[in-house]
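Participant: Attaching a single structure in structure tokens format; questions to follow.
The values are calculated or read from the model by the stated rules, or taken from the named source; none is laboratory data. It should be emphasised that the depicted structure is a prediction, and the values quoted were computed from it without experimental measurement. Cβ sites come from the backbone with ideal geometry, for glycine too, and all protein chains shown count toward neighbours.
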Amino acid sequence: MAGHMTPEEFRQYGRQVVDRIADYLAGVEQYPVRSAVRPGDVRAQLPASPPERGEPYDDVLADLDRVLLPGVTHWQHPNFFAYFPSNTSGPSILGDLLSAGLGVQGMVWATSPAATELETVVVDWLAELLDLPAHFRTDSRGGGVIQDSASSAALVAVLAALHRASGGKVGADGITGRYTMYVSSQTHSSLEKAGRIAGLGAANVRSVDVDPETLEMNPAHLRALIEQDVAAGATPALVCATIGTTSTTAVDPVRAIGEICREHGIWLHVDAAYAGVAAVCPELRWINDGVAEYADSYATNPHKWLLTNFDCGVLWVADRRPLIDALSILPEYLRNPASESGQVIDYRDWQVPLGRRFRALKLWSVIRWYGAEGLREHIRTGVALAQELAALVAADPDFELRQHHPFGLVCFRPLRTDALELMERVNSSGQLYLTHTKIGDEVWLRMAIGSPATTSAHVATAWETLQTAGKRISPGRR
Ligand SMILES: *Cc1c(COP(=O)(O)O)cnc(C)c1O
């Protein structure tokens, strides 16, 4: 062995790998959904030290089957209902493969003009597909950028907001004085993390009350907290409203929240990581009410429910200036005529790392393959299956259904058995995989539908499995 893989060898193994992926996705149903390995099982089967001499690629593929696949949880399984979906699709995989093949590092325009310009086109396309406001498009004051995740998008939004709130002082002098940001108990943990990373201090990430029924942020309490903080000398920097919370897909009242932000000059970040892509369907565009008027930034993840494999999160801003001003540093070794001409975009100034993958390729492949029509069809199928599941739950007196389920997530709880015990029983059976959340003191089960492989029959069978498992657990335990 040793030496580089020749083009012929690459062709040979590449074909094998593509065949394996095709076989895997076609036959994914044969695997237990959740991996049953115990901690350390996978590692124990792998050598502690790397090989001194190169090994045949066949051996790598053999270990994939023998060691790794048993330790894989099958996110593309039609009975994967845990967390939120993390879709992949043929065109997405091919786009990512092309990105790996080109091996581009697109940190600035000049390091690969096509990587930057395709990204611009694709984020503008997506803004159009989701009917987001024109000022999020690149030909206006705003623009979009592909990030690795909604967490990064949140961090970048917090940094831009701090920059704006401090008139640039934070970047120059560090945080002097007290800056606050506002989330709710239902906001994704990445916002608090962003606040900590940005140096605000966890105590300055203020938690706004939610409506106990709907779990939506309470605008009156937001206003009260802001006024209290301002009176105490703090500078409110950012409010995060969520469209489709991680726990139950609650939709915060963006318009009411936005009006308060406008009055106080506070940055409004809208986190629509999971649900935002649903706006490809006109009938679901109500979710974005208030975004056009009030949002300074908006994030959604095509890598959740829009057929694009992880990682691909898109962030749009209404005004790119504070973002770029907050993050741009120009060392000599990156100076180049194109950047200096001001005629090009350097997306390195729109994110935390310098380096960037050519992620636009996979999103472009997906949008071209499916078209708006195909993307709408995918979302509609997920929504329709969730409605079917909700009807099954509602018809069973042993379960309570949460009435809010406009997307692919349905939450319910067993009334006669312990929810966590029921969940563990079905999850360890390998037949399906679901996760839970807590509302107040109650444990609720979450079933998130959204895999392109899931059909009506899968949903019905999954529900029967849950019902049967519930009956087997001794009654009266809760
Ligand atoms: C999933 C999710 C996130 C985090 O997404 P990453 O891309 O994994 O960082 C943030 N916010 C909400 C509402 C989510 O559902």
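Participant: Within the set of pairs 6 or more residues apart or between chains, which connect a residue that is over 18 Å from Thr300 (Cα atoms) and in contact (Cβ under 8 Å) with a residue 24 or more places away in the chain inside the stretch 166-195 to a residue that is in a loop (DSSP other than H, G, I, E, B) and away from the ligand (no atom under 16 Å from the Cβ) with Cβ atoms less than 6 Å apart?
Facilitator: Filtered contacts from the stretch 166-195: Ile175/Gly199; Arg178/Ala234; Tyr179/Leu200; Thr180/Ala234.
Participant: Quick check on this structure: which one of Val156, Val123 is under 19 Å from the mean Cα position of the chain (by Cα), within 15 Å of the ligand (Cβ to nearest atom) and either at pLDDT 95 or above or within 28 Å of Ile379 (Cα to Cα) (or both)?
Facilitator: When all the criteria are applied, what remains is Val156.
Participant: Further, regarding this structure: What do you reckon, is Leu375 under 30 Å from Ala127 (Cβ atoms), assigned to a loop (DSSP other than H, G, I, E, B), touching a helix residue (DSSP H, G or I) at 6+ places or on another chain (Cβ under 7 Å) and touching a residue at least 40 places away in the same chain (Cβ under 8 Å)?
Facilitator: no
Participant: From the list Ser99, Ser151, which residue is small (Gly, Ala, Ser) and either within 16 Å of the ligand (Cβ to nearest atom) or closer than 18 Å to Ala338 by Cβ (or both)?
Facilitator: That would be Ser151, the only listed residue that is small (Gly, Ala, Ser) and either within 16 Å of the ligand (Cβ to nearest atom) or closer than 18 Å to Ala338 by Cβ (or both).
Participant: Show me the helices (runs of 4 or more DSSP H) found entirely inside the stretch 50-164 where at least 2 residues are surrounded by 14 or more Cβ atoms within 10 Å (Cβ to Cβ) and among the β-branched types (Val, Ile, Thr).
Facilitator: In the stretch 50-164, 113-129 are the helices (runs of 4 or more DSSP H) which contain 2 or more residues that are surrounded by 14 or more Cβ atoms within 10 Å (Cβ to Cβ) and among the β-branched types (Val, Ile, Thr).
Participant: Identify all residues within the stretch 129-154 that are in contact (Cβ under 8 Å) with a residue 24 or more places away in the chain and hydrophobic (A, V, I, L, M, F, W, C); write none if there are none.
Facilitator: Result: Leu129, Leu130, Leu132, Phe136, Val145, Ile146, Ala150, Ala153, Ala154.
Participant: Follow-up. Starting from residues that are within 15 Å of the ligand (Cβ to nearest atom) and outside any loop (DSSP other than H, G, I, E, B), keep the ones in the stretch 273-286 and report whichever is surrounded by the fewest Cβ atoms within 10 Å (Cβ to Cβ).
Facilitator: Among residues in the stretch 273-286 that are within 15 Å of the ligand (Cβ to nearest atom) and outside any loop (DSSP other than H, G, I, E, B), the one surrounded by the fewest Cβ atoms within 10 Å (Cβ to Cβ) is Ala279.
Participant: With the requirement that a residue be touching a Phe, Trp or Tyr at 6+ places or on another chain (Cβ under 9 Å) and among the acidic types (Asp, Glu), what does the stretch 391-439 give you?
Facilitator: Across the stretch 391-439, the qualifying residues are Asp396, Glu400.
Participant: Among the residues of the stretch 287-296, is any more than 12 Å from the ligand (Cβ to nearest atom), polar (S, T, N, Q) and part of a helix (DSSP H, G or I)?
Facilitator: Yes.
Participant: Within the bounds of the stretch 255-268, is there any residue that is of a type in the set (D, E, K, R), buried (at least 24 other Cβ atoms within 10 Å of the Cβ), at negative phi and in contact (Cβ under 8 Å) with a residue 24 or more places away in the chain?
Facilitator: Within the stretch 255-268, none of the residues are of a type in the set (D, E, K, R), buried (at least 24 other Cβ atoms within 10 Å of the Cβ), at negative phi and in contact (Cβ under 8 Å) with a residue 24 or more places away in the chain.
Participant: Look through Ala237, Ala241, Ala231 and report the one residue that is farther than 16 Å from Ser185 by Cα and out of contact with any Phe, Trp or Tyr (no Cβ under 7 Å at 6 or more places or on another chain).
Facilitator: Going through Ala237, Ala241, Ala231 in turn, just one is farther than 16 Å from Ser185 by Cα and out of contact with any Phe, Trp or Tyr (no Cβ under 7 Å at 6 or more places or on another chain): Ala231.
Participant: Name the residues in the stretch 307-348 that are assigned to a loop (DSSP other than H, G, I, E, B) and free of Cβ contacts under 8 Å to residues at least 40 places away in the same chain, would you?
Facilitator: Answer for the stretch 307-348, where residues must be assigned to a loop (DSSP other than H, G, I, E, B) and free of Cβ contacts under 8 Å to residues at least 40 places away in the same chain: Ser328, Ile329, Leu330, Pro331, Arg335, Gly342, Gln343.
Participant: To continue, here is another question. Looking at this structure, is Arg34 assigned to a loop (DSSP other than H, G, I, E, B) and in contact with a helix residue (DSSP H, G or I) (Cβ under 7 Å, 6 or more places away or on another chain)?
Facilitator: So Arg34 fits the description; yes.
Participant: Is it true that Ile324 is within 16 Å of the ligand (Cβ to nearest atom) and surrounded by fewer than 24 Cβ atoms within 10 Å (Cβ to Cβ)?
Facilitator: No.
Participant: Under the condition of being within 16 Å of the ligand (Cβ to nearest atom) and of a type in the set (A, V, I, L, M), which residue from the stretch 160-188 is farthest from the chain's Cα centre (by Cα)?
Facilitator: Met181
Participant: Tell me, yes or no, whether the stretch 207-228 has at least one residue that is of a type in the set (Gly, Ala, Ser) and buried (at least 19 other Cβ atoms within 10 Å of the Cβ).
Facilitator: No; the residues of the stretch 207-228 include none that is of a type in the set (Gly, Ala, Ser) and buried (at least 19 other Cβ atoms within 10 Å of the Cβ).
Participant: Hey, another quick one. Checking the conditions here, which among Gly440, Gly450, Gly430 is in contact with a Lys or Arg (Cβ under 7 Å, 6 or more places away or on another chain) and not assigned by TED's automatic domain parsing to the domain that holds Val210?
Facilitator: Gly430
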